[in-house]
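Written out below as structure tokens is the structure these notes cover.
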Amino acid sequence: MKINNRLSNVEEYHFKKIDDIKNKAINSGKTIIDLSIGDPDLEVHSNITDALIGALKDDGYNNYPPYDGVIELRKAVINYYNDVYNVSLNLDEVIILIGSKEGISNIVPAVCDVGDCVIVPEPAYPVYKICSKLWGCIPYTVPLSRSNGYMPNLEIIPEKVVNKCKLMFINYPNNPTGAVASSDFYKRIIKFSYDNNIVLCNDSAYNEIIQVNKEPISLMQYDKNRLCIEFGTLSKTYNMTGYRIGYGVGNANVISALSKIKSNCDSGQFIPVQKAAIAALNLERDYVQNARKIYDERRSMCKSVLKQKNIDFFDAEATFYLWCKTPRNYTTNEFCEELLINYGIVVLPGNVFGKLGYDYFRIALTKDKFVIEEALKHIKKCIL
């Protein structure tokens, strides 16, 4: 049987491999503390679950949803951007997605032709590169280095790549590093995209997972010509990973093209899930601030323990991850294996995020503060 030859350049999704390793350890009777995947442990607000359940009693709840999403949810996204970012959006600049991951994939054929270049960062969420390959495009990786605050150096991108490129992905606040983009950075990279006729796309999954005293910023605040795209999700901020609900906002022509792809590939998200998302976006801001406070406490505690263990890390203040340097005398896989075997701790090897992730690993702060502290304090002190 013949299989799509593009799959020969695509490995099995790394997070599935991690799940297999965890399940094998659990089945062998080992107690596991999972600090690998960014799946929040905080409770879903009762308004969200009540809206989900209540929508099951609405007429037509079981029918096909509108391809672009129910209009009430699109308006809720518009209100959210206006209230939080002071950005005005029109209805034709908003689309509802089955999670932002779906949008990241479908924007590739919406913007690019087969053989076009797509500029992607590294280390990075692997979906940017993988989906580019699956749709017949050529990903060009721009390195993100600690010395540059994990921001891309646009000057090193060859002109021939820029000339073949129609789409560029960025991700701030950044997974896996926790780096946060500044307004100056957004202005520079938007100008780069304008000058080169490239659709700039920010994956803003962690926009709200920042310090309590900080104001979130959006790419849309600086996209004065409205030529860019920003993807958002309710997964991280509202603890709704399993709901699979997100959105895309930005240039109306790109949103329309994305809708054309979606309408031929899926039939939209279940209406009660969309009603739950409306309830989430209508919550008081105290809900978001309380989540930030919890992650701030976990981040601070984790940094303190890592310092005691002589484990170096990027001093990030956003997302619920810490990007750590593999200790001396270990490969990353050796160290991650030791954490699992000796301490029952599962972390994510950095090479999941590309070759530039070798010699690093990622800790997810998605367990109670005391659970994380109890797990990490047993790790032996590493050699400086």
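The values are calculated or read from the model by the stated rules, or taken from the named source; none is laboratory data. Worth saying up front: this structure is predicted, and the values here are computed from it rather than measured. Cβ atoms come from the backbone with ideal geometry, glycine included; neighbour counts cover every protein chain shown. Just the protein is used for accessible areas: all its heavy atoms, side chains included, with ligands, DNA and RNA removed. Shrake-Rupley method; radii C 1.70, N 1.55, O 1.52, S 1.80 Å.
Which whole-angstrom value gives the distance between the alpha carbon centres of region 324-384 and region 278-309?
21 Å
Just need the relative contact order of region 279-384 here, percent rounded to a whole number, with Cα pairs under 8 Å and 6+ apart. Let's see the in-between values first.
Details: 133 pairs, mean separation 31.6, N = 106.
The normalised contact order for region 279-384 reaches 30 percent.
Can you compute the FRET efficiency between residue 224 and residue 317 using 1/(1 + (r/R0)^6), with r the Cβ-Cβ distance and R0 = 22 Å? Round to the nearest 0.05. Numbers along the way, then the final one.
Numbers: r = 28 Å, r/R0 = 1.25.
E(calc), rounded to 0.05, equals 0.20.
Please compute the length gained on full extension between residue 300 and residue 47, using 0.36 nm multiplied by the number of residues separating them and subtracting their Cα-Cα distance.
Values: separation 253, 0.36 × 253 = 91.08 nm, distance 3.00 nm.
Stretched fully, the residue 300-residue 47 segment lengthens by 88.1 nm.
Pick out, from 228, 47, 271, the residue whose Cα sits farthest towards the positive end of the charge dipole of the chain, with +1 on the Cβ of Lys and Arg and -1 on the Cβ of Asp and Glu.
Positive-most Cα among the choices belongs to 228.
Suppose every K and R has +1 on its Cβ and every D and E has -1 on its Cβ; what is the size of the dipole of the chain about the Cα centre, in Debye to the nearest 20?
On the way: 45 positive and 44 negative charges, 181 e Å.
Approximately 860 debye in magnitude.
Suppose every K and R has +1 on its Cβ and every D and E has -1 on its Cβ; what is the size of the dipole of region 150-280 about the Cα centre, in Debye to the nearest 20? Can you show the working numbers first?
Working: 14 positive and 10 negative charges, 60 e Å.
Approximately 280 debye in magnitude.
5 Å is the cut-off here: which amide hydrogens, built 1.01 Å from N in the peptide plane, fall below it relative to residue 33, excluding neighbours closer than 5 in sequence?
Amide H to amide H, under 5 Å and 5 or more residues apart or across chains, residue 33 pairs with 345, 346.
Give me the tail of P(r) for region 261-384 as a percent: Cα-Cα pairs with distance above 20 Å. Write down the numbers at each step before the final one.
Details: 4112 of 7626 pairs.
Here the long-distance tail beyond 20 Å is 54 percent of all Cα pairs in region 261-384.
Which percent of the accessible area of the chain is formed by carbon and sulfur heavy atoms (probe 1.4 angstrom)?
Numbers: 8560 of 17470 Å².
About 49 percent, which is the carbon plus sulfur part of the accessible surface.
Taking amide H positions as placed 1.01 Å from N in the peptide plane, with prolines and chain starts having none, which residues 5 or more places from residue 116, or on another chain, fall under 5 Å of its amide H?
When sequence neighbours closer than 5 places are left aside, the close amide H contacts are 138.
Using the structure shown, select from 133/260; 160/224; 325/367; 166/260 the pairs with a Cα to Cα distance greater than 25 angstrom. Please report the intermediate quantities before stating the final value.
Details: 133/260 20 Å; 160/224 27 Å; 325/367 21 Å; 166/260 18 Å.
160/224, as the Cα separations exceed 25 Å there.
Mind checking which of 131, 87, 64 is farthest towards the positive end of region 1-157's charge dipole, using Cβ charges of +1 (Lys, Arg) and -1 (Asp, Glu) about the Cα centre?
131
Whole-Hz Karplus ³J(HN,Hα) for region 55-61, in order, using 6.51 cos²θ - 1.76 cosθ + 1.60 and θ = phi - 60°, x for Gly and Pro?
5, 5, 9, 6, 4, x, 4
I need the Debye-formula profile for region 13-80: one equal scatterer per C-alpha, no solvent, reported as log10 I(q)/I(0) at q = 0.17 1/Å, two decimals.
Listed by q, the Debye log ratios stand at -0.86.
Using the Cα atoms of region 96-157, I'd like the radius of gyration and the largest Cα-Cα distance, Dmax, both in angstrom.
Over region 96-157's Cα set, Rg and Dmax evaluate to 12.6, 37 Å.
Based on DSSP H runs of at least 4 residues, each adding -39500 (n - 2.57), what is the mean residue ellipticity at 222 nm of the chain after dividing by all its residues, to the nearest 500 deg cm²/dmol?
Theoretical 222 nm ellipticity from helices: -12000 deg cm²/dmol.
Run through the DSSP bridge list for the chain and note the antiparallel percent, rounded to the nearest 5. Spell out each step's value before the answer.
Numbers: 18 of 36 bridges.
Within the chain, antiparallel bridges account for around 50 percent of the total.
Quick one: divide the alpha-carbon radius of gyration of region 136-272 by 2.2 N^0.38 Å and tell me what you get. Could you put the intermediate results ahead of the total?
Values: Rg = 15.8 Å, N = 137, 2.2 N^0.38 = 14.3 Å.
The reported ratio for this selection is 1.11.
Take every Cα pair under 8 Å in the chain that's 6+ residues apart, average their separations, divide by the length, and report that relative contact order as a whole percent. Provide the component values of the computation, followed by the final result.
Numbers: 717 pairs, mean separation 93.5, N = 384.
Averaging sequence separation for qualifying contacts and normalising by length gives 24 percent for the chain.
Can you give the three extents of the C-alpha atoms in the chain along their principal axes, from longest to shortest, in whole Å?
The Cα atoms of the chain stretch 55, 55, 53 Å along the principal axes, largest first.
Quote the convex hull volume per residue of region 150-191, based on C-alpha atoms, as a whole number of Å³. Please report the intermediate quantities before stating the final value.
Details: hull volume 3.4 nm³, N = 42.
It comes to 82 Å³ per residue, whole-number rounded.
Residue 307: which aspartates and glutamates have alpha carbons under 18 Å from its alpha carbon, excluding same-chain residues fewer than 8 sequence positions away?
Residue 307 reaches 296, 297, 315, 317, 359, 373, 374.
Using amide H atoms built in the peptide plane, which far-off residues or other-chain residues are under 5 Å from residue 141 H to H?
So residue 141 has HN proximity to 120.
Show me, for region 257-273, the HN-Hα J-couplings you get by feeding each phi into the Karplus relation (A = 6.51, B = -1.76, C = 1.60, θ = phi - 60°), rounded to Hz, glycine and proline as x.
So the Karplus estimates, Gly and Pro as x, are 5, 4, 4, 5, 4, 4, 5, 9, 10, 8, 10, x, 8, 3, 4, x, 5 Hz.
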